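Worksheet for the structure shown next.
The values are calculated or read from the model by the stated rules, or taken from the named source; none is laboratory data. Please read all numbers here as calculations on a predicted model, not as lab measurements. Here the Cβ positions follow ideal geometry from the backbone for every residue, glycine too, while neighbour counts run over all protein chains shown.
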Amino acid sequence: MKLKTFVIVGWFLAFSALISALFGAMRMTFERLAIRRQEEAAKAVLKPVDKPVPIVSSPVIKPVPLPSDYAVFVLCYHDFQEKPSKWSITPERLEAHIQTLKAWGFSFLTVSEAVKLLKGRWQGNLPKRAVVITVDDGFQSAYSVLFPLLKRYGAKATLFIYTEWVGKSEGSLTWEQLREMAQSGLVEIASHTVTHAYPRNLKRKLTVEKYKRKMEWEFVQSKLELERRLGIKVEGLAYPGGFVDGTLKALAQRAGYKWAAVINPKPMTANFDRYAIPRYGVSAETTVAALKAWVTRQPILLARLKDGAKPTLSNSKTKVRKFKRAYQTRKINWR
Ligand SMILES: [Zn+2]
């Protein structure tokens, strides 16, 4: 009896050992299979592709080549009043200028954009024709008259501000208005010095050293103040009175300006002088016809002749000479 029981227990133990060994073997097989599958999956991921994937470099936009006769016309306005004075035109005349330029297919740029374009750093489509509206001094009408027109016609402008006058009279712009215009993306704010003192007069009165120091202060201080108060980068300057000499050009560059503008009625072309950007001085005489003569590069004085007067060779030549002399000797008192 004892022996029988012993045999049964023995069998039972042997059987259960066999079963557990079998299960163990099966589990190991499954685990191995799973590991192998994982390894094969990993290999499949890393398997090199048959065809190499072509490397696409990021698109490099090449600057647009400029046609050799490409020109940008920079206009210099001051004030827009119903009662026009010498350096002011009516709001209606301003709108007629903008409408006309738009109808002729002109794009409106800021001066900094025109500099970029003519220095071959313009990316995108080259405007067929380009013009720049600049407004000197900081009269209130730049906000009340010009700014709404810029928005209406999708135009841009560069304003030259002399900082001492900002917010100082009813006729001047405020810092708040300047900030709003700067943030609109339609208006570039540039410097017109601190006090608007005429360099030409200072040069006559002061010693060379004092003249330099005074002008350096005017250029540096106005730039700093505009940047600090408006939170912008000021790139450009317009010399008061439109006058320029070698000293002023060097000082403007040293003060950190990238360009500076004068009054000189000719278009800005590829070889322009960065520190003497020419501008056409718009006055009460600048009718739409006169503007057309500028931007179509007709000799300036032909547009100034009275209606019906035929420009003969002699009278146009004399007038051109006279006019040129007036510029050279600065008889014309540009503001
Ligand atoms: Zn001025």
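A search for C-beta distances below 7 Å between a residue of region 139-162 that is farther than 22 Å from Glu227 by Cβ and free of Cβ contacts under 8 Å to residues at least 40 places away in the same chain and any residue that is assigned to a loop (DSSP other than H, G, I, E, B) and within 14 Å of the ligand (Cβ to nearest atom), counting only pairs 6+ apart in sequence or on different chains, returns Gln140/Gly171; Gln140/Leu173. Taking region 93-117 as the range and being aliphatic (A, V, I, L, M), over 12 Å from the mean Cα position of the chain (by Cα) and farther than 16 Å from Arg297 by Cβ as the test, the residues that pass are Leu94, Ala96, Ile98, Ala103.
Each row is one residue, and each column tells you yes or no for (1) crowded, with 20+ Cβ neighbours inside 10 Å; (2) away from the ligand (no atom under 16 Å from the Cβ); (3) within 28 Å of Arg179 (Cβ to Cβ).
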site: Gln99; (1), (2), (3): no, yes, no
site: Lys102; (1), (2), (3): no, yes, yes
site: Leu109; (1), (2), (3): yes, yes, yes
site: Ser112; (1), (2), (3): no, yes, yes
site: Lys119; (1), (2), (3): no, yes, no
site: Lys128; (1), (2), (3): no, yes, no
site: Val131; (1), (2), (3): yes, yes, yes
site: Thr134; (1), (2), (3): yes, no, yes
site: Gly138; (1), (2), (3): yes, no, yes
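Which number in (1) within 20 Å of His78 (Cα to Cα); (2) in contact (Cβ under 8 Å) with a residue 24 or more places away in the chain marks the one condition that Glu225 misses? Condition (1) is where Glu225 drops out.
Looking only at region 65-80, filter to residues that are assigned to a loop (DSSP other than H, G, I, E, B) and surrounded by 16 or more Cβ atoms within 10 Å (Cβ to Cβ); which one of those is modelled with the lowest pLDDT? Outline the logic, then answer.
Applying the first criterion (assigned to a loop (DSSP other than H, G, I, E, B)) to region 65-80 yields 65-70, 78.
After this cut, where a residue has to be surrounded by 16 or more Cβ atoms within 10 Å (Cβ to Cβ) as well, the list is 66, 70, 78.
Details: Leu66: 84, Tyr70: 91, His78: 97.
Filtering region 65-80 for residues that are assigned to a loop (DSSP other than H, G, I, E, B) and surrounded by 16 or more Cβ atoms within 10 Å (Cβ to Cβ), the one modelled with the lowest pLDDT comes out as Leu66.
Quick one: is Arg200 in a helix (DSSP H, G or I), surrounded by fewer than 23 Cβ atoms within 10 Å (Cβ to Cβ) and touching a residue at least 24 places away in the same chain (Cβ under 8 Å)?
It is true that Arg200 is in a helix (DSSP H, G or I), surrounded by fewer than 23 Cβ atoms within 10 Å (Cβ to Cβ) and touching a residue at least 24 places away in the same chain (Cβ under 8 Å).
Of the residues that sit in region 81-92 and are surrounded by fewer than 19 Cβ atoms within 10 Å (Cβ to Cβ) and not in a loop (DSSP other than H, G, I, E, B), which one is nearest to the ligand (Cβ to nearest atom)? Ranking the qualifying residues of region 81-92, first place goes to Pro91.
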